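Read the figures in this text as sums done on the coordinates, not as results from a lab. These figures come from a predicted structure and were not determined experimentally.
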Amino acid sequence: MTEARPFASLDELKQTAERIWWSLLAEDWLEAFRSHPQIGGTKHSAGNERKESLSQEWSEQEQSGVSSASSETIKSLAELNRQYEEKFGFIFIVCATGKSSDELLLNLRKRLGNPGEKELHIAAAEQARITTLRLEKLLNQ
């Protein structure tokens with residue numbers, strides 16, 4: 001992305017990010033997935049404190065549908081997250097913005113039935129959506 005700068009517009013930035021994302025290898029996607037918290041969880045990583053704080057804040061906003069979930073839903077999310085990670089080897093990635101806890105739970109249940117290769121591509125597409133939203137947020141600060 002750095003080498004592609006400067007960008008003439010937000011659309012050019014988003015298109016470049018999308019193109020680069022889909023040119024990466026599966027190992028690169030998995031590395032990106034590791035920086036995300038599970039739905040309903042938090043993730044802290046070493047590095048720039050301001051960046052970590054901003055990322056955590058955005059993650060909490062994106063997952064706000066989970067904050068009002070019942071304890072039963074939270075338990076179900078935790079258990080299905082565990083099953084998902086056990087089956088696929090990476091955490092459940094979903095663009096949670098605007099989704100209720102029940103929608104997230106339904107999505108997780110449905111995706112648990114996918115074969116591995118299909119699920120990896122679905123997770124990558126969800127990561128691409130998250131990236132687009134976060135680029136927009138970053139530029140509108």
Calc'd 3J(HN,Hα), the stretch 119-130, phi into Karplus 6.51 cos²θ - 1.76 cosθ + 1.60 (θ = phi - 60°), Hz, glycine/Pro = x, comes to 5, 4, 6, 5, 4, 5, 5, 5, 4, 4, 5, 4
Explain nothing, just compute: Karplus ³J(HN,Hα) = 6.51 cos²θ - 1.76 cosθ + 1.60, θ = phi - 60°, for every residue of the stretch 79-92 in order, whole Hz, x for Gly and Pro.
5, 5, 4, 4, 4, 4, 5, 5, 6, 9, x, 8, 6, 5
What pairs from LYS14/LYS99; LYS75/LYS118; LYS87/LYS110; LYS14/LYS137; LYS75/LYS110; LYS87/LYS137 go past 21 Å between their alpha carbons?
LYS14/LYS99; LYS75/LYS118; LYS87/LYS137
List the residues whose amide H sits under 5 Å from the amide H of ILE93, counting only those 5 or more places along or on another chain, with H placed 1.01 Å from N in the peptide plane.
none
